[in-house]
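The values are calculated or read from the model by the stated rules, or taken from the named source; none is laboratory data. What you see is a predicted model; the values in this text were computed from it and never measured. Neighbour counts are summed over all protein chains in view; Cβ atoms, including those assigned to glycine, are modelled from backbone coordinates with ideal geometry.
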Amino acid sequence: MAKQSPLSTFVKRNRGLVVVIVLLFALLIFGSFISDRFRTTSNILNVFEQSSGLALVSLGQTLAILTGGIDMSVGSMISLLSLLTSGLMNGDPAMILPVTAGIILLGCMIGAINGIGIVMLRIHPLIVTLGMGAVLQGIALLYSLGPAGKAPPGFKFLAYGKVLGLPVSALFVIALFILVALFLRYARLGRYIYAVGDDQAGARLMGLPRSGVIIFVYTVSGFCCALMAIYLVSRFGVGQPYTGVNYTLASITPVVVGGTLLAGGRGGVMGTLFGAYLISLINNVLNFMDVSTHYQLIAQGLIVIAAVSIYVEKRKRI
């Protein structure tokens, strides 16, 4: 049997990532014919900047899906945490550090509660996180029916700041994804995540800490939602009770587009990162084509259906 080249081995193991990269280049070529402004450096950097929030929430969603679960509470969690971020800061620069730390801790706690609920109740994560999402959205509306508080001066640097001409948010997201990718590849807990998603019964028989793995991934999902909430307050200057609603579906789109199977056990975070870039680039192209944002949501839904159908067939062949 002929030995495969390193390139062919990489393509075989990362088909989802390779497909997304090819689509990105195709879309860049297509967009360049639509408008001269599309090809500008400022527009490309803008795409990277706008993809940061989606990439953050999709990162946590990827880990949940890798274990064979899903986190449907992310949208409501983002809404509540963004309200609390802007409401507690309320324009006071002295409150930036304590509120940021508190929101991150609260996000991790909510995520951990999701994981504990899944482990203790022994019901599908879809049900647990849907219920949690309803609870969190209700709390958000009890806190405020409209915009609450405001971001302090200088807080917008997180969303709009640049280092050497590159967006701070995009650089942070890339660094975070690389760290998580290395963790999944080389850390024992990272390998456990794949094992639990690939065969939960087998993982249990092998004595793997399945409960701990599940609690961990949902805690990380809550952490990512907290980062996303902080980013949105930095970007828009205020939190709103429904600001995270659309991110429940949107967070799943880059995951499945990037090649992570909804059944769990297959995929990775780098595919998700490039999936987020692809979705942001599609929206950018549609904006240049003067297509309504409503149609952009329709496009995202169709992309999810298409990607899931493709990877379901791939799973069957495996």
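Laid out as a table, the results:
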| read-out | value |
| --- | --- |
| Any hit, the range 77-92, residues being within 30 Å of TYR192 (Cβ to Cβ), in contact with a Ser or Thr (Cβ under 9 Å, 6 or more places away or on another chain) and among the hydrophobic types (A, V, I, L, M, F, W, C) | yes |
| Cross-chain or 6+ apart pairs with Cβ under 8 Å, the range 33-45 first and free of Cβ contacts under 8 Å to residues at least 12 places away in the same chain and within 16 Å of LEU286 (Cα to Cα), then in a helix (DSSP H, G or I) and not acidic (Asp, Glu) | ARG39/GLY31; ARG39/SER32 |
| Members of the range 119-136 that are surrounded by 13 or more Cβ atoms within 10 Å (Cβ to Cβ) and more than 19 Å from ILE252 (Cα to Cα) | VAL119, VAL135, LEU136 |
| Residue list for the range 195-219, filter: modelled with pLDDT of 90 or more and under 21 Å from the mean Cα position of the chain (by Cα) | VAL213, ILE214, ILE215, PHE216, VAL217, TYR218, THR219 |
| Set GLY87, GLY102, GLY91: member being over 30 Å from LEU261 (Cα atoms), exposed (fewer than 15 other Cβ atoms within 10 Å of the Cβ) and not aliphatic (A, V, I, L, M) | GLY91 |
| Verdict on GLY68 being closer than 19 Å to GLY264 by Cα, touching a residue at least 24 places away in the same chain (Cβ under 8 Å) and surrounded by fewer than 24 Cβ atoms within 10 Å (Cβ to Cβ) | yes |
| Some residue of the range 26-38 being crowded, with 16+ Cβ neighbours inside 10 Å, modelled with pLDDT under 85 and among the aromatic types (Phe, Trp, Tyr) | yes |
| Number of the exception - LEU136 against (1) over 20 Å from the mean Cα position of the chain (by Cα); (2) part of a helix (DSSP H, G or I); (3) under 30 Å from GLY68 (Cα atoms) | (1) |
| Evaluation of SER251 against (1) small (Gly, Ala, Ser); (2) in a helix (DSSP H, G or I); (3) closer than 20 Å to LEU105 by Cα (one fails), failing number | (3) |
| Members of the range 230-248 found to be part of a helix (DSSP H, G or I) and either touching a helix residue (DSSP H, G or I) at 6+ places or on another chain (Cβ under 7 Å) or closer than 8 Å to SER82 by Cα (or both), listed by number | ILE230, TYR231, LEU232, VAL233, SER234, ARG235, TYR247, THR248 |
| Hits in the range 108-126 (condition: closer than 14 Å to ILE214 by Cβ, of a type in the set (Val, Ile, Thr) and within 20 Å of the chain's Cα centre (by Cα)) | ILE113 |
| Residue in the range 181-197 that is surrounded by 14 or more Cβ atoms within 10 Å (Cβ to Cβ) and more than 30 Å from VAL119 (Cβ to Cβ) present | no |
| Tally of residues being under 13 Å from the mean Cα position of the chain (by Cα) and surrounded by 24 or more Cβ atoms within 10 Å (Cβ to Cβ) across the range 232-252 | 4 |
| Yes/no for PHE274 being of a type in the set (A, V, I, L, M, F, W, C), assigned to a helix (DSSP H, G or I) and either under 28 Å from ASN90 (Cβ atoms) or out of contact with any helix residue (DSSP H, G or I) (no Cβ under 6 Å at 6 or more places or on another chain) (or both) | no |
